[in-house]
Every structure is written in structure tokens, then in C-alpha cells.
Amino acid sequence: MPRYVSFYRYTGEAWGSMVERPGNRAAAARKLIESVGGTMETFYWMLGDWDGLVIYEVPDAAAAAAFSARVAGSGMLDAVQTNQLVSMDEAKRALDTARGAAYVPPGAQQEWRAEYDVLGG
């Protein structure tokens, strides 16, 4: 299954609610991820630009989007950013494929032909 990481930032209201009624936020995230057919790998709070992250596997991009939409729609998050993760095996396959892929950048000389030599240069 594809693996994703979602970074999140709580609203001030959410922080106030959690301070008043502390609880296991990871349990809520796990339940939601499982409801879209996935499994949660890890859940962290963090310091910095984001308040935390969750890493999880879900069947496809639609399930990841459903997860993100549900948490974003809760009103308790100020922002959510979701990224698909690529394993080292997948990265190697991608690089092997890229090595054999034909690509000519836009505006680049397409292909040199011997008849061009007569044009001078």
C-alpha cells in the first residue's frame, strides 16, 4: 500500500480543548485511518512550523485524500499538508526507469543529423 505523511497545525480552539480535556490524539487518528482502509505507522507532536505529523498506509490516493479532507473539515486544524512517501526500492525503480526514458527538454536541439554539417556553423 502507498505510504503517506501528513503534517498538521492545530487551531487555537483545538489547543484550548486539548488542554482542558487531554486525551490520546493518536487513537483518534488511528481510528480515522483504519476507517478508510489503512494502518497508522506513527503519530507525533513536534516543535516548529507544524504541530505534528502522522505516517500511515492507505490503499490509494483517494483514501489519503479522504483522510485529509476529513481532518481538514473538522475545524480543529489550521492547516494540513499531505505527501506520498517513496521507499528506497521504489526510488531505485524510478531512477532505473528514468535512466532509460527518452526526454528532450523544450527548446533543446532535438537530434543532430549529418546533413546539418553542410549548413556551417
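The values are calculated or read from the model by the stated rules, or taken from the named source; none is laboratory data. Everything numeric here is computed off the predicted structure, so don't read it as measured data. Cβ sites come from the backbone with ideal geometry, for glycine too, and all protein chains shown count toward neighbours. Keep in mind that these areas ignore ligands, DNA and RNA; they rest on the heavy atoms of the full protein, side chains included. Shrake-Rupley method; radii C 1.70, N 1.55, O 1.52, S 1.80 Å.
At-a-glance table
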| quantity | calculated |
| --- | --- |
| Any chance Ala101 is surrounded by 15 or more Cβ atoms within 10 Å (Cβ to Cβ), among the small types (Gly, Ala, Ser) and free of Cβ contacts under 8 Å to residues at least 24 places away in the same chain | no |
| Number of the condition not met by Pro106 [criteria: (1) open to solvent by 60 Å² or more (accessible area, probe 1.4 Å); (2) under 15 Å from the mean Cα position of the chain (by Cα); (3) not aliphatic (A, V, I, L, M)] | (2) |
| Enumerated helices (runs of 4 or more DSSP H) restricted to segment 1-98, each holding at least 1 residues that are out of contact with any helix residue (DSSP H, G or I) (no Cβ under 8 Å at 6 or more places or on another chain) and of a type in the set (Asp, Glu) | 12-20, 25-35 |
| First in segment 71-87 and acidic (Asp, Glu), second anywhere and open to solvent by less than 50 Å² (accessible area, probe 1.4 Å), Cβ under 8 Å, 6 or more apart | Asp78/Tyr10; Asp78/Thr11 |
| Out of Val36, Val54, Val19, Val58, sole residue that is touching a strand residue (DSSP E or B) at 6+ places or on another chain (Cβ under 8 Å) and farther than 22 Å from Asp89 by Cβ | Val54 |
| Members of segment 11-52 found to be aliphatic (A, V, I, L, M), open to solvent by 30 Å² or more (accessible area, probe 1.4 Å) and touching a residue at least 24 places away in the same chain (Cβ under 8 Å), listed by number | Leu32, Val36 |
| Qualifying residues in segment 69-91 (those that are over 16 Å from the mean Cα position of the chain (by Cα) and aliphatic (A, V, I, L, M)) - the one farthest from Ser17 (Cα to Cα) | Leu77 |
